[in-house]
Each structure stands twice: as structure tokens, then as C-alpha cells.
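Enquirer: One structure, pasted below without further comment.
The values are calculated or read from the model by the stated rules, or taken from the named source; none is laboratory data. Here the structure is a predicted model, which is why all the values come from computation and not from measurement. Ideal geometry is used to build each Cβ from the backbone, glycine not excepted, and the neighbour counts take in all protein chains shown. Keep in mind that these areas ignore ligands, DNA and RNA; they rest on the heavy atoms of the full protein, side chains included. Shrake-Rupley method; radii C 1.70, N 1.55, O 1.52, S 1.80 Å.
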Amino acid sequence: MYLTWRQRLEQRPTLWDFGQWPIIELTVVATNKRSTYLRNRDIVIQALNHIPFNEIAESYLLSASFVTQLMNRCLAGEGDEDPPLTQALIPYQRVNRGTRREPIPTFDRPSGSQHVFTKLLREVPNLKEELDKALLAQLRDTNYKQNLTPSTFHSTFKQLLVEAGHPTDQYPYTTRHMAAESVRRYFHQRSKELQSQRQSVVPSATTSPSTIYRALRTTQIDEHSIDLHNGIYLELNDELIPLRLSRVQVIVATNVDTDCILGFHIALSGAPNQQDMLQLLDNCVRPWEPLVLTTPGLSYDAGAYFPSGLPDDFPVTFGTVQLDNALAHLAISVQEAICDQQAATVSMGRGGSPTTRRWIEDVFNLICRKVSHRFSSTTGSHPKDPIRQSKKNSKRLPPISLHTLEEALSIVLTAHNVSPKGHLGGTSPLELYQSHYRHHYIRFVPAALRNRWKPFVGRKTVSLKWLQGENRKPHIVFEGQRYQGEGLIDAVCHNSRIIVEFDRRDIRWLRAWSLNGKDFGVIAAPKSWLRFRHSIATRQRINSLIRGHAYHGNDPLTAHFRYLLDHKGQEKGALEIIRVYDEFTREQDGPLTLSGDPKLSKAINSASEKNDYSWSPLKANRRG
């Protein structure tokens, strides 16, 4: 029995509550249909709240009959079938297959031929079954098959009507060509359906459900070279050293399902390492605070945040992290931080397929349009490309400082999070992110696991050595240097191997443990390595240069900085100076001060001379 929308609501009173209707995420609706879908949804909600149809139609500049038609589209139908409900709100969506309630037309009572062929297949005994049997015989290449064409298939159709005793005064005899066009369309469509059924694999009970779009389900991370030279002044021993920097790398993480950018990190090198990746992950998880803006004219948009800057009710975690096959992504420390500390999954893409991570590529396009390509680029498509920086300006210190670049990136990326997007139905990525957290089941890491988030902390099992013949204290070797401590004296009698815990950003001190968990306290590197805070990457670089006889001495950290100053003319070398300078000064107040080396003073003087720049840049003694 066919029911109108009123009869459907009498049959199922629970449908008066729109909250009982199925929910359709905006992300599954085509972009060009979302505004109409939202309008239809609002109309139906008002109609279910007993607002007169005339008032609804007037507010949307529509007719009352349109409202009635929309209600019937959502609720009307056969009584024994479920109504389409929310699916019918999507414009041009085929919500039900066409049915014919009128009887089959005759010569005496013609009533048109719309959907009459479908009705004929349903009412004539064995007609549909025999037609399908003939199609299957051809698909299976049986020995009794006939070579079917639309013409021979139409002949089979007429023969079956005669065998079934179909009246000759009814359709299809009432048409000129005996429903030849309907039979031809059925022949092609049904052949494709039967062919796909034969080739399809029956899904097992463990088949995963359809994809559900939720915040933090999938995160994409990648690096991008900023096509923009930067400049900076270093303050060293009360001297200002101007430096022209090479292109830096920006690492960005974005959430796929909400298009919300989670965070970024500027890597001061041509190729980011694992510590840069860990710093990005930490920036995404740790509570975000806006930068103190010092560049005139720059300001954050109202309510602009990264998700980690939201209240504790919205903690950032990772579900599936999509990466390419860069060496920094393959590092064990990165995979341990993602998989072990976040209980997430790492998904490595195929090489040479950047389009499989199109969301992060869209973020890089945003950075180029809003930041880096607004100034003369470091390179162009060809030698005479007008966006390429001229030779005249390439010899001068760039007007954009590194600190200004970091501020601009922070402003642009947070502004993206609060800007309404058409593909999100007019909502901003941050609003959709919060909506998913409030109304859906979202991946949630318990507080106990979140409190153990220490991406920079690593552990390593090392051998405990005691050279008694040389009258030395017990020690362990870590990154090419001997570490000693009072706790190792007690440990050496019963342990040949111990566990050391270290912070990758500062390896001057380690913490030692026995294999069964006994704490041996803190052990220290040699005194020559304790002067400045330095990372594993810096230690490895210094050891490599010492082995190559680039320098030597009792103060390797100072010697390394002097070596960098001697090679400051190279833009990549200047970038390494900034990275090391940032490490050395991160935990101290004031600029870097080095003394006790006459060669260093000579290098500083040569670096600071010929400073004839007329502009006044920001005098920053550190990148942050």
C-alpha cells in the first residue's frame, strides 16, 4: 500500500523527531550539492516542528507545493518498504526505483508507457527469469546458447510473451515497435549486472566496513622547501654577524578528514632528520601557544588555533600517519613515537606517488601562495623567469628574517583552520574538528598514556667497561665519548651491560639503569662536552669532522662553531650555524659568548666586517 508523508508519520510517529533520521556527513555530499542539501534539511526540520508550509516556503522564496513534494520525497512510498529519509535531501539523488501503480495500458485505456516494462517483467510469469537465463547462457558460453543481439533478444522476448498467454490488446502490442527500445536497454544493462555478479568475490565475514570520516583518523605529514632566502643577525661576543641563509624546510602535519592543520616545524637544514620529525610530532601534541609577534603588521585571526591549543577536552592523537619513504620517516625513533607512544599506525606510501597524499600537497600550495612566492623566489621555471631573484638582490641580505618567516607561517596556517571551506559545507576545519569530538566516537588516548609522551627520550643498552690496569673509573661509551658517574662504581661489580636513557636534544647527561630496573643515577660526558647543550646530530657531525682532521682541541664545541664561522660564506653553512647557535643558547639567557680562542676572535671579526646594510633587521639572538 502506498503511503503519503502524513500517513508515514502516522505509521511511524518516531519520525517526527529529526534526530531519529540517519546522519549524513557533509564530506560525502558533492561540493556543488551541499548548499541545496543544507537548505532541504532546514525545510524538513521546520516542517516536522509543525511550522505552516506557507511560512516555510515564503522564508526560502519557494512554493508551498515544493515543501509538500520534499516531504513526500523523504517519507512517501510503499508501506512495507523503508522511506529514503535523509538520502532524499540530497538533490538529484535517485532514492527509489521507478514503480508504476497504474495498470498496464490497453488499446481501450491508454495510460502511457512510463515504467510499464518493469511492471511487465514483474507480472508476466517467468518472463524475467527466462530472459536472464538466456543472458547467462551466453555469458557462461554453454553449448545450447544462442548468439544474442538486441534484435534476437527482442525476438526471444516476444516469443516468451506468446508462451505465457499475454493478452494481445495490452502493452507491448499497443506500441509501434513492440517495446524494442526498452528491451535493448534491458539487454545491455542486465548483461553488465550479470557479468559483474559472476566476477565479484563474495565478501567474507571479516570484510572491513565502509570508510567513516572522523577527526584524527588519518594524518598526512611531509616536508617542503621554502623557495625564499632568509637573513638573520647573530649576536656573538657582542658582535653582530649578518648571515644569508639557504632555503629551509617546513614540515607540516594535517588531518585528512577535517582538513585541519595540526602543526608545523621549520627544519634548519636541507634535509630534515629524525629530530626534526620528532619536534613536529611534539608540536602537534603539546599545548600550542601563539608566538609573540614582533613583525609590524602581522596579527593572528580571531580564534585562530592549532588543535593542540584547544582545551584539554580535545587532545590531539594520531590514528594512521601517512608518510613517504624519506630517511627521516624510516627512523626507528619516529616509528616508536608514533606506534608505541601514540598506539598509532604508520602507512608508508609508494615511491614517486605524491598525489596519494593530496591533502598535504594542498597545504604546501597554500604556503607558496600566501608566503614564499609573494617575494622573489630562489629559483624559477627557467633562467629568465621573472619570479627568480635578480643577481643584484642575490648579493644582499634578504629583507625577510627567519623569525618573520616563522611568524608568517604560524599566522597563515592557523588562519586556514578558522576559514570556512566550501567542501566542508561552509564550516571551518577547526569547527568540524570540534564537532566530531562532541558528537562522534573519536580515537582517544587515555590520560596515563598521554602523560608518558616523551618523543625525544630514547633508551639504549650499552656495555659497562672498567679498565683497572689504567686506574680509570668505570665508564660507558655513548656517541663516541666516555660517560662516568658515581653510580657506575656500584654497578660494575654485578653488571656487564646497562641501560642508558637520553634526551636527543641534550646528551651531556644520561641516566643509567640496570637490566632489572635498578637506578644508577646520572652519568656525565667529559668536561670538554659539558659547556653547551648539544644534540645527537651535532655530536655525530663533530665526531665526523674530527676524524677528517678538520679541527681538534680540548674544546670541540667551540672549535666546531669556529669551523662553521670560517665557512659562513656558504648559505648551507650559514643555516648550520643557526641550528647550532639555537642549540647552544636554548637554555641560557642572553647571546652566545665564546672565549679563550684567538682564532675564534679572528673569525668573528672577519664575519662582522663589511656590514654596509642600510636597513635595520630584527636583532634576534635565537630563532624563537
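Enquirer: Of the numbered conditions (1) assigned to a loop (DSSP other than H, G, I, E, B); (2) open to solvent by less than 70 Å² (accessible area, probe 1.4 Å); (3) modelled with pLDDT of 90 or more, A326 satisfies every one except a single condition; which is it?
Expert: Unmet for A326, out of (1) assigned to a loop (DSSP other than H, G, I, E, B); (2) open to solvent by less than 70 Å² (accessible area, probe 1.4 Å); (3) modelled with pLDDT of 90 or more: (3).
Enquirer: Does the range 242-264 hold any residues that are open to solvent by 20 Å² or more (accessible area, probe 1.4 Å) and under 16 Å from G309 (Cα atoms), and which are they?
Expert: The answer is F264, and nothing else.
Enquirer: State all residues of the range 341-358 that are modelled with pLDDT of 90 or more, of a type outside the set (V, I, T) and open to solvent by 20 Å² or more (accessible area, probe 1.4 Å); if no residue qualifies, say none. Give the derivation first.
Expert: Our first condition is that a residue be modelled with pLDDT of 90 or more; within the range 341-358, this holds for 344-347.
Okay, now just the ones that are also of a type outside the set (V, I, T), so 344, 347.
If the condition is that a residue be modelled with pLDDT of 90 or more, of a type outside the set (V, I, T) and open to solvent by 20 Å² or more (accessible area, probe 1.4 Å), then S347 is the only one that fits.
Enquirer: Need pairs with beta-carbon distance below 6 Å; first residue surrounded by fewer than 18 Cβ atoms within 10 Å (Cβ to Cβ) and within the range 499-521, second polar (S, T, N, Q) and at pLDDT below 90; sequence gap 6+ or separate chains.
Expert: Note: pairs meeting the criteria are S514/N495.
Enquirer: Hey, V418 hits all of (1) open to solvent by 20 Å² or more (accessible area, probe 1.4 Å); (2) more than 30 Å from R511 (Cα to Cα); (3) free of Cβ contacts under 8 Å to residues at least 60 places away in the same chain but one; which does it fall short on?
Expert: Of the numbered conditions (1) open to solvent by 20 Å² or more (accessible area, probe 1.4 Å); (2) more than 30 Å from R511 (Cα to Cα); (3) free of Cβ contacts under 8 Å to residues at least 60 places away in the same chain, the odd one out for V418 is (3).
Enquirer: Next up: Could you list, in sequence order, the residues of the range 435-449 that are among the charged types (D, E, K, R) and surrounded by 12 or more Cβ atoms within 10 Å (Cβ to Cβ)? Lay out the reasoning, then the answer.
Expert: First, the residues of the range 435-449 that are among the charged types (D, E, K, R): 438, 443.
Hit for the range 435-449 is R443, nothing else.
Enquirer: Here's a follow-up. Could you tell me which residue of the range 270-307 is modelled with the lowest pLDDT, considering only residues that are open to solvent by 60 Å² or more (accessible area, probe 1.4 Å) and within 23 Å of H329 (Cα to Cα)?
Expert: A271
Enquirer: Being surrounded by fewer than 20 Cβ atoms within 10 Å (Cβ to Cβ) and within 23 Å of R504 (Cα to Cα) is the filter here; which residues of the range 540-553 pass it? Steps first, answer last, please.
Expert: Here is the first cut: in the range 540-553, the residues surrounded by fewer than 20 Cβ atoms within 10 Å (Cβ to Cβ) are 540-541, 543-553.
Across the range 540-553, the qualifying residues are Q540, R541, N543, S544, L545, I546, R547.
Enquirer: Separate question: Looking at the range 437-474 only, could you name the residues that are touching a residue at least 24 places away in the same chain (Cβ under 8 Å) and over 40 Å from the mean Cα position of the chain (by Cα)? If you could, list the steps in order and put the result at the bottom.
Expert: Step one: list which residues in the range 437-474 are touching a residue at least 24 places away in the same chain (Cβ under 8 Å), which gives 437, 440-445, 449-450, 452-464, 466.
Correct list: S463, L464, W466.
Enquirer: Right, another one. Across the range 139-186, what is the number of residues that are small (G, A, S) and either in a helix (DSSP H, G or I) or open to solvent by 90 Å² or more (accessible area, probe 1.4 Å) (or both)? Walk me through how you get there before you give the answer.
Expert: Step one: of the range 139-186, the residues small (G, A, S) are 151, 155, 164-165, 179-180, 182.
Okay, now just the ones that are also either in a helix (DSSP H, G or I) or open to solvent by 90 Å² or more (accessible area, probe 1.4 Å) (or both), so 151, 155, 180, 182.
Count: 4.
Enquirer: Collect the residues in the range 554-565 that are open to solvent by less than 50 Å² (accessible area, probe 1.4 Å) and free of Cβ contacts under 8 Å to residues at least 40 places away in the same chain, keeping them in residue-number order.
Expert: Going residue by residue through the range 554-565, those that are open to solvent by less than 50 Å² (accessible area, probe 1.4 Å) are 555-562, 564-565.
Those that are open to solvent by less than 50 Å² (accessible area, probe 1.4 Å) and free of Cβ contacts under 8 Å to residues at least 40 places away in the same chain: P556, L557, A559, H560, F561, L564.
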